[in-house]
Amino acid sequence: MAQLKEKQLKMIENGNVTTPKGFQAGGVHTGLRKSRLDFGWIHSEVPATAAGVYTLNAFRAAPLQVTKDSIDKSGKIQTIVVNSANANAVTGPEGYQNALDTQAKAAEIKGVDVDHVAVASTGIIGVQLPMEKIYKGIEAMNDEVNQGAERFETAILTTDIVTKHAAVQFEVDGKLITIAGAAKGSGMIAPNMATMLSFITTDADVEQASLEKALRSLTDQSFNMITVDGDCSTNDMVLVLANGMQENNTLNENHAEWSVFVEGLRYVSQELAKQIARDGEGATKLIEVKVKGAASDKVAGEVAKAIISSNLVKTAVYGSDPNWGRIICAVGYSEQPLDVNKVSVSLGDIQVVQNGLPLDFSEEAGTAYLEQDTVTIHVDLNNGEGEATAWGCDLTYEYVKINASYRT
């Protein structure tokens, strides 16, 4: 284990959604995709306290509606089922019924309450689910050969190149608590959230209202601070399951160690968000934008998202062109309160703008810095104490190729 900056937290290098006590996961190939695993699941030994956040797209997919309704009704989830290759979005009453049927069949096979099953889908929009393949996946959930967190991580991917996971451990009430997560996301990534699914598990006992409040707040600091291409999907969802199997005293905002739990959840959320940004379709570089000196954290966040969402900034980074004018331009059109005579900009340690005016700097050094696979842009508005960080990736020729032939 590597020690994190926060002394209370320890990162688990190979941790996954089954590292917390009482969780299993798996994946299987059902034929939704040509050859890759395409149906996955997470299951808790006991019903887990659940919280979720969902896409703001008006065309919210049927699985999200079913999952949200179940969490609103019971506050518990025990089994999550996920299919890739088909979003079950913009599919009308038939699609909604298919999501309900998926939920009911999974409840039957796993022997859990129907309202304790969450359903998620990702893939092509506007196509009905081939339910015989979905049922095939559900019926395979108990087969030993299909078990394993790596299989789950692979089964939920679409255009992703790599799987994504993160985990931390810390003590609460003398109990060793684990928080771990898996995610998928590569394209249609933009605040708020993206074509992004994220599933976080923990063996902590957490009060539902406090868990939901923490998740919503931390989503604004993680999944809602990433962008790849500016498109907001119909299927975005983040779920957290807390099964309480470490038997700590119930965590809530009044617990003495609540801040430690929140910091663990923040770390896992931000790590997954960064991994999604790094794996953007066709991406070669992770871009991190750090804004400070803003009138508020919200202002800093809006400025950071304006920069990270700029196609001109993204293409400049791809071409290793230290064209700081594109950054300043994005700051200016962010529509946030600032004094243009106080703004400073740096590419890594190379300062290029001070108090709103350009500085002499080595173009060669700027180019060399931008050739790295992780690029950090620093902006100081010198106008307050607010700060925020956003993540994205460069925009490449490969992105166009991938999305020009997504259905073919």
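Can you give me the relative contact order of the stretch 284-408 as a percent, contacts being Cα pairs under 8 Å and 6 or more apart? Don't jump to the answer; show the numbers that get you there.
Values: 254 pairs, mean separation 57.0, N = 125.
Relative contact order for the stretch 284-408 comes out at 46 percent.
Electrostatic bookkeeping for ASP115 treats Lys and Arg as +1 and Asp and Glu as -1; over the other residues with beta carbon under 11 Å from its beta carbon, the sum is -1.
Take every pair of alpha-carbon atoms less than 8 Å apart whose residues are at least six positions apart; their mean separation over the length of the chain yields a relative contact order of 17 percent.
Quick one: putting +1 on the C-beta of Lys and Arg, -1 on the C-beta of Asp and Glu, what dipole do you get for the stretch 248-368 around its Cα centre, in Debye to the nearest 20? In total the dipole reaches around 160 debye.
Our note on the geometry: Cα centres of the stretch 51-68 and the stretch 316-386, 37 Å apart. The local environment of ALA316, defined by Cβ-Cβ distances under 10 Å, has a net charge of 0 under the rule Lys, Arg +1 and Asp, Glu -1. In the complete set of protein chains, residue-level accessible area for VAL400 is approximately 90 Å², probe 1.4 angstrom. For the chain, the share of accessible area belonging to carbon and sulfur comes to 48 percent (1.4 Å probe, ligands and nucleic acids excluded).
Beta bridges per DSSP, both residues in the chain: antiparallel share near 70 percent.
What net charge is computed for the residues neighbouring VAL46, neighbours being all others with C-beta under 14 Å from the C-beta of VAL46, Lys and Arg scored +1, Asp and Glu -1?
Working: positive: LYS21, LYS76, LYS110; negative: GLU45, ASP113, ASP203, ASP205, GLU247.
Residues near VAL46 contribute -2 overall.
Applying a DSSP loop filter and a limit of 11 other Cβ atoms within 10 Å to the chymotrypsin sites (Phe, Trp or Tyr not before Pro) in the stretch 249-335 leaves TYR333.
Qualifying GluC sites (Glu not before Pro) in the stretch 316-408, where qualification requires a DSSP coil assignment and no more than 14 other C-beta atoms within 10 Å, comprise GLU335, GLU371, GLU385. Relative to the current alpha-carbon distance between TYR96 and PHE361, full extension at 0.36 nm per residue lengthens the span by 89.6 nm.
Across the cross-link table entries LYS68/LYS292; LYS73/LYS105; LYS68/LYS110; LYS34/LYS184, which are compared at the Cα atoms, the separations over 27 Å belong to LYS68/LYS292.
Projecting the Cα atoms of GLN275, VAL291, ILE327 onto the charge dipole of the stretch 199-337 (Cβ charges, centred on the Cα centre) puts ILE327 farthest toward the positive pole.
Residue-wise HN-Hα couplings along the stretch 40-52, as the Karplus relation 6.51 cos²θ - 1.76 cosθ + 1.60 with θ = phi - 60° gives them from phi, are x, 8, 10, 9, 9, 4, 10, x, 10, 4, 10, 9, x Hz; Gly and Pro carry x. Every Cα-Cα pair in the chain was counted, and those over 26 Å apart are 54% of them.
With all protein chains kept in place, the per residue accessible area of the chain amounts to 40 square angstrom at a probe of 1.4 angstrom. Average 1/r across all pairs of distinct alpha carbons in the stretch 292-350, invert it, and you get the Kirkwood radius: 11.9 Å. Please label the shape of the stretch 282-408 as rounded, prolate or oblate, based on the square roots a ≥ b ≥ c of the eigenvalues of the alpha-carbon gyration tensor (a/c under 1.5 means rounded; beyond that, a/b larger than b/c means prolate, else oblate). Oblate, since a/c reaches 1.5 and b/c is not below a/b.
The values are calculated or read from the model by the stated rules, or taken from the named source; none is laboratory data. Just so we're clear, the structure is a prediction, and the values are computed from it rather than from any experiment. Every residue, glycine among them, receives a Cβ derived from its backbone with ideal geometry; neighbour counts consider all protein chains shown. To get the accessible areas, we keep the full protein, side chains included, count just its heavy atoms, and leave off ligands, DNA and RNA. Shrake-Rupley method; radii C 1.70, N 1.55, O 1.52, S 1.80 Å.
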